[in-house]
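S.K.: One structure, pasted below without further comment.
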Amino acid sequence: MPVIAHLSDPHLDLSPGRSRRLRAVLDLVRDLPFVDGLLVTGDLADHGAATEYAEFFGALPDGLPTLVVPGNHDLSAPLLAALSDAGREQTLSGTLDLDGVRIVGMDTHIDARDDGYLTSESIASARDRIVSAPGHVVLAMHHPPVPVGHDLADSLYRLTNPEALAALVAEHDRVIGIFTGHVHSALATTFSGVPLLGAPGIVSTMRLGSKTDPIADMTAMPGFALHTIDSTHIRTVFHHLSPSAL
């Protein structure tokens, strides 16, 4: 029954404020002895710079199994180089096995674009890892395949081929959920018959209202999702830090 701390969208840019927000969340995760693994669903860096990735990987807890997938602010070559420098597997679609459950990372990002797309190669890679999984599977990616009710997010920042993901999920009964990020807001719905759960943002929170400008509230507290996977069931708690934590 693995427990996964799910973070998203730290958008590190070497500024002290963003670093402090990420480290405060990671400090809390470190203090939870029952957490088995860490998942970060994209936008690790704000500009895809090597120095930003070095800061991100330097902040991660030692000894905690971790999977990261890229977001629309990430850039492939610098991220792959940073994974290598950090001694991690050099792939943008990694895999994390925890107590019989496999988290299958899927790369939805396109360098220098805000919208997302699942290539045929990404789908094929995920299919192979689903088939070879020791048990149940959860897919992890940056862009959610559903509208979230905000004009900007749903028109410019969406996953443009959700039907490809729906077909993949429908093929395999062992896929029991999907974890996402990108919209800087906790998200809970279903997609292709399985739960879809998105983590809150680290750097900011999406403001309510479909035509708000700016779209993000940089003063809202960072948060994360805590997923407990019990057989085919996923229980999720969304937690936001208190101001004193920063």
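S.K.: Would you be so kind as to identify which of Ser242, Ala126, Leu44 lies farthest towards the positive end of the dipole of the chain, taking Lys and Arg as +1 and Asp and Glu as -1 on Cβ and the Cα centre as origin?
M.R.: In the chain, that residue is Ser242.
S.K.: Let me ask you something else. Residues with amide H under 5 Å of Thr95's amide H, sequence separation 5 or more or different chain, H placed in the peptide plane at 1.01 Å from N; which?
M.R.: It is Gly105, by chain and number.
S.K.: Something else about it: Ranked from the most accessible area to the least, with a 1.4 Å probe and all protein chains present, what is the order of Leu139, Leu152?
M.R.: Descending accessible area places them as Leu152, Leu139.
S.K.: Which one of Gly135, Phe57, Leu92 is farthest out on the positive end of the charge dipole of the chain, using unit charges on Cβ (Lys, Arg +1; Asp, Glu -1) and the Cα centre as origin?
M.R.: After comparing all options, I get Gly135.
S.K.: Would you work out what percent of the accessible area of region 1-78, with all protein chains in place, is carbon or sulfur (probe 1.4 Å)? Could the numbers behind the result be given before it?
M.R.: Values: 1570 of 2710 Å².
Roughly 58 percent of what the probe reaches on region 1-78 is carbon or sulfur.
S.K.: What value, in deg cm²/dmol to 500, does the helix sum -39500 (n - 2.57) over DSSP H runs of n ≥ 4 give at 222 nm once divided by the residues of the chain?
M.R.: Calculated at 222 nm, the ellipticity per residue is -7500 deg cm²/dmol.
S.K.: Where the accessible area of region 97-205 is counted over protein heavy atoms with a 1.4 Å probe, how much of it, in %, is carbon and sulfur?
M.R.: 53
S.K.: Let me ask something additional. For region 1-54 and region 140-156, what is the separation of their C-alpha centers, rounded to whole Å?
M.R.: Result: 21 Å between the Cα centres.
S.K.: Let me check something: with ligands and nucleic acids excluded, how do Leu246, Leu118 order by accessible area (1.4 Å probe), largest to smallest? Walk me through the intermediate numbers first.
M.R.: Numbers: Leu246 65, Leu118 5 Å².
Reading off the accessible areas and sorting them downward yields Leu246, Leu118.
S.K.: Given a 1.4 Å probe and heavy atoms of the protein chains only, how would you sort Phe56, Phe34, Phe191, Phe238, largest accessible area at the top?
M.R.: Values: Phe56 0, Phe34 105, Phe191 25, Phe238 75 Å².
Descending accessible area places them as Phe34, Phe238, Phe191, Phe56.
S.K.: Taking H as built 1.01 Å from N, whose amide H comes closer than 5 Å to the amide H of Phe191, not counting residues under 5 places away?
M.R.: Result for Phe191 returns Leu196.
S.K.: Could you tell me the accessible area of Arg20 in Å² (1.4 Å probe, neighbours in place), rounded to the nearest ten?
M.R.: 120
S.K.: OK, next. If you roll a 1.4 Å probe over the heavy atoms of the protein chains, what accessible area per residue do you get for region 145-246, in Å²?
M.R.: On the way: 4720 Å² over 102 residues.
It amounts to 46 Å² per residue over region 145-246.
S.K.: Write down the accessible area per residue of region 10-65 in Å², having rolled a 1.4 Å probe over the full set of protein chains. Spell out each step's value before the answer.
M.R.: Values: 2240 Å² over 56 residues.
On a per-residue basis, 40 Å².
S.K.: So how strong a dipole does the chain carry about its Cα centre when Lys and Arg Cβ are +1 and Asp and Glu Cβ are -1, to the nearest 20 debye? Could the numbers behind the result be given before it?
M.R.: Working: 15 positive and 29 negative charges, 90 e Å.
Result for the chain is approximately 440 debye, rounded to the nearest 20.
S.K.: Please report how far the C-alpha centroid of region 159-179 lies from that of region 55-107, rounded to the nearest whole angstrom.
M.R.: 21
S.K.: Dipole of region 107-220 (Lys/Arg Cβ +1, Asp/Glu Cβ -1, origin at the Cα centre): which of Pro145, Ala199, Tyr117 lies farthest to the positive side?
M.R.: In region 107-220, that residue is Ala199.
S.K.: Here's another thing I want to ask about it. Excluding ligands and nucleic acids, what accessible area in Å² is computed for Asp213 using a 1.4 Å probe, to the nearest 10?
M.R.: We get 140 Å² for Asp213.
The values are calculated or read from the model by the stated rules, or taken from the named source; none is laboratory data. Predicted, not measured: the structure shown is a model, and the values here were computed from it. All Cβ positions, glycine included, derive from the backbone under ideal geometry; neighbour counts span all protein chains shown. Please note that ligands, DNA and RNA were not included when accessible areas were found on the heavy atoms of the full protein model with its side chains. Shrake-Rupley method; radii C 1.70, N 1.55, O 1.52, S 1.80 Å.
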